[in-house]
Amino acid sequence: MCQYFRPRFQSRIKIIPMGSYPRIVDSNNNTYDLFGPVNLFWSTRYDKAMTTYVTYLKEFAEFAYSKDQENNIPPEKCFKLPYKIDGDKVESYSITQSFNKPETWTKALKYTLCNLKWALYWFVGNTNFQPLSAMVSSHAEVPAGGSLYAKRGTDSKSMFRR
């Protein structure tokens, strides 16, 4: 989403998608892993990665809000995340894993995903981005000859006739 709006959305944070092993680069060019398993020695690096990630999401939300204002959308209808992000907290639940209860951490992750979903909805609604399902033609446009929709004989022997 952020790459779509470059150069208008400038952030010094960068997400490096690498399949199951994504990384994030902070404003000081430090790289952190956004995947586990997390052990006691590396948990502070994972916590830093997650904190940087929610900071990036908050920056995108602020960008989306400013784009709505540029488009003369009333302030009460401008984009706003459903759950407030403040530092390493999402709606008062810490996103950090170390020294945190599993229930609290899970709730922070849930709220982060919900915020991400809202940002994605805003993105799709405010761009000409076409999801893959919209690009696939419907079966009405597919010719019947030789397709899966072609009518076949009803008896079992008709399959083998030429």
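FYI, it's all coordinate maths here, none of it is from the lab. On a predicted model such as this, the values are computed, not experimentally measured, just so you know. Methodologically, a virtual Cβ is constructed for each residue, glycine included, from the backbone with ideal geometry; neighbour enumeration extends over all protein chains shown.
Miscellaneous remarks
- Net charge of Cβ neighbours under 12 Å - reference Asn30; Lys, Arg +1; Asp, Glu -1: +3
- All lysines inside 30 Å of Lys107 as judged from Cα atoms, apart from same-chain residues fewer than 8 positions distant: Lys14, Lys48, Lys58, Lys67, Lys77, Lys80, Lys84, Lys89, Lys117
- Rounded to the nearest 20 debye, dipole of the stretch 14-130 from Cβ charges on Lys, Arg, Asp, Glu: 220
- Most tightly packed first, judged by the mean number of other beta-carbon atoms within 10 Å of their residues, the peptides 90-103, 10-23, 54-67 read 54-67, 90-103, 10-23.
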